[in-house]
1. For a quick check of your reading of the filter: which chymotrypsin sites (Phe, Trp or Tyr not before Pro) in segment 278-335 sit in a DSSP loop and have no more than 15 other Cβ atoms within 10 Å?
2. Quick check on my link table: of 274/426; 189/426; 229/423, which ones sit more than 28 Å apart, alpha carbon to alpha carbon?
3. Taking amide H positions as placed in the peptide plane 1.01 Å from N, state which residues far from residue 42 in sequence (5 or more) or on other chains have amide H under 5 Å from it.
4. Let me check against my output: what whole-number percent is the relative contact order of segment 269-413, with C-alpha pairs under 8 Å and at least 6 apart?
5. When a/c reaches 1.5 or more, the comparison of a/b and b/c decides; with that in mind, is segment 50-161 rounded, prolate or oblate per its Cα gyration tensor?
6. Just to verify a number: FRET efficiency for residue 189 and residue 244, C-beta to C-beta distance, R0 = 41 Å, to 0.05?
7. Binning at 10 Å from 0, report for segment 340-434 what percent of all alpha-carbon pair distances ends up in each bin.
8. Roughly speaking, to the nearest percent, how much of segment 176-319's 1.4 Å accessible area is carbon and sulfur?
Amino acid sequence: MGIGNGSTSDSRHVSHKEIRDETTPLLPIKAEEEGIHELNGASFSGAVFNLSTTIVGAGIMALPASIKMLGIIPGILMIILVAFLTEASIDILVRCSHQGKITSYGWLMGETFGQWGRIALQASVVINNIGMMIVYMIIVGDVLSGTSTSGVHHRGIFEGWFGPHLWNSRPIVLLATTLFVFAPLVSFKRLDSLRYTSALSVALAVVFVVITAGIAIVRLIEGIVEIPKLFPELDGINSIWELFTAVPVLVTAYICHYNVHSIDNELEDRTQTKPIVQTSLALCSSVYIATSFFAYLLFGEGTLADVLANFDSNLHIPFSSVFNDVVRVSYVVHIMLVFPIVFFALRLNLDGLLFPTARHISRDNRRFTIITVSLLAVIYLAAIFIPSIWDAFQFTGATAAVLIGFIFPAMIILRDPYEIATKRDKILAVTMIVLAVLSNSVALYSDALNIIFHRKEEA
């Protein structure tokens with residue numbers, strides 16, 4: 001499957017040309033015949049770090065609360081199960097793409113379901129990722145500049161260190177972050193160019209795990225840690241419902257499918273894609289399990305929905321405030337480094353929606369610059385002026401994520417455009433659809449109840 005070989009490149013060129021002649025109005029075929037061989041050469045480790053960074057975003061902070069609801073054993077088993085289902089769904093996409101010599105998720109959806117399939121996928125990625133970008137920027141603002149909720153002000157890191165000033169207010173801090181951190185990082189046209197920042201991002205997630213584990217072990221030795229529950233406590237309908245609300249967080253914890261093709265395209269040897277995916281999922285599963293276990297062990301039943309908020313209080317250990325600041329700083333830098341990885345897919349799919357038949361965006365500097373600047377401006381303004389926009393993205397994001405990660409791959413294998421699906425594949429496809437629909441329904445209902453409840457409290 002290597003693409004450095006001349007005869008393979010020629011046959012691919014012919015194959016892509018035939019597809020373009022038949023379906024030009026439908027499919028976003030851009031870079032495939034414009035020299036995609038120029039993009040190869042990405043390393044195995046770089047691909048692993050880029051995919052891992054795509055996976056481990058802000059959602060890592062919500063996992064300990066899910067473990068608290070489910071209990072340690074069911075929670076960890078659920079993390080492992082979803083990792084296996086994610087590997088299966090990505091394997092479906094990669095096998096179909098390699099069989100049809102297809103180089104993008106949108107193109108695969110277009111080949112399988114026509115123009116509207118491509119549009120559905122690209123719209124889902126745009127909705128999911130722009131929501132994530134806005135949430136990331138809001139988190140950066142909250143951690144660095146502080147936030148006020150229900151009349152209570154939570155000081156940011158800069159405010160705690162230097163006191164309140166104009167220069168460390170939310171608009172100025174986020175503007176500086178956008179101009180001096182995000183803008184340079186999102187200017188790269190190859191995903192592999194971000195391999196070092198992705199490695200640092202994964203390392204910072206590990207730093208969080210190590211600090212949390214260290215504090216939990218110290219408190220365990222001192223005998224001031226609650227014994228965590230191994231299984232959920234069921235004492236009525238409400239407790240059963242709470243178990244279901246933990247499922248959506250776990251189901252969407254591994255969504256990374258929108259970047260798989262970009263990583264695959266940049267590899268010298270595309271047969272490495274499967275071991276890269278497996279290595280990345282194993283790494284992320286280890287981080288998820290360790291984070292969930294040690295954070296729940298540390299905070300017990302006091303574990304909050306966003307465990308980062310637990311690090312805004314006294315940890316009852318020496319240098320508690322120092323550890324709190326280290327955790328929060330490492331987390332916010334981690335988020336900053338995740339941002340360009342997710343932005344890469346957002347820009348690519350938005351361009352595919354707006355200019356489906358134009359040449360690849362990496363070959364058009366003017367279009368690349370306009371879309372990049374426009375997206376950064378929209379994300380910044382949304383994070384500053386409408387921070388409550390996350391309410392809307394709780395609905396759209398939950399739906400878009402399960403479509404991208406499970407429903408679309410399952411639909412592709414059930415349609416089986418290249419006749420490569422096995423009976424096991426189709427059973428897995430049905431399982432993924434059932435899990436995704438159940439998860440999404442629970443998430444939507446739970447989010448609706450939470451929003452109604454919070455608005456009643458504010459009134």
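The values are calculated or read from the model by the stated rules, or taken from the named source; none is laboratory data. The model shown is predicted, which means the values in this text are computed figures rather than measured ones. Using ideal geometry, Cβ is built from the backbone for each residue, glycine included, and neighbour counts are taken over all protein chains shown. Protein only, heavy atoms only, side chains kept; ligands, DNA and RNA dropped before computing areas. Shrake-Rupley method; radii C 1.70, N 1.55, O 1.52, S 1.80 Å.
1. Counting only loop positions with at most 15 other Cβ atoms within 10 Å, the chymotrypsin sites (Phe, Trp or Tyr not before Pro) in segment 278-335 are 319.
2. The pairs that break the limit, which is 28 Å between Cα atoms, are 189/426; 229/423.
3. Close amide H contacts, sequence-distant or interchain: 267, 268.
4. Worked out over segment 269-413, it gives 9 percent.
5. Oblate is the answer for segment 50-161, as a/c is 1.5 or above yet b/c matches or exceeds a/b.
6. After rounding to 0.05, the efficiency reads 0.45.
7. Here the calculated profile for segment 340-434 is 13, 29, 30, 21, 7, 0.
8. The C+S portion of the solvent-accessible surface of segment 176-319 is 68 percent.
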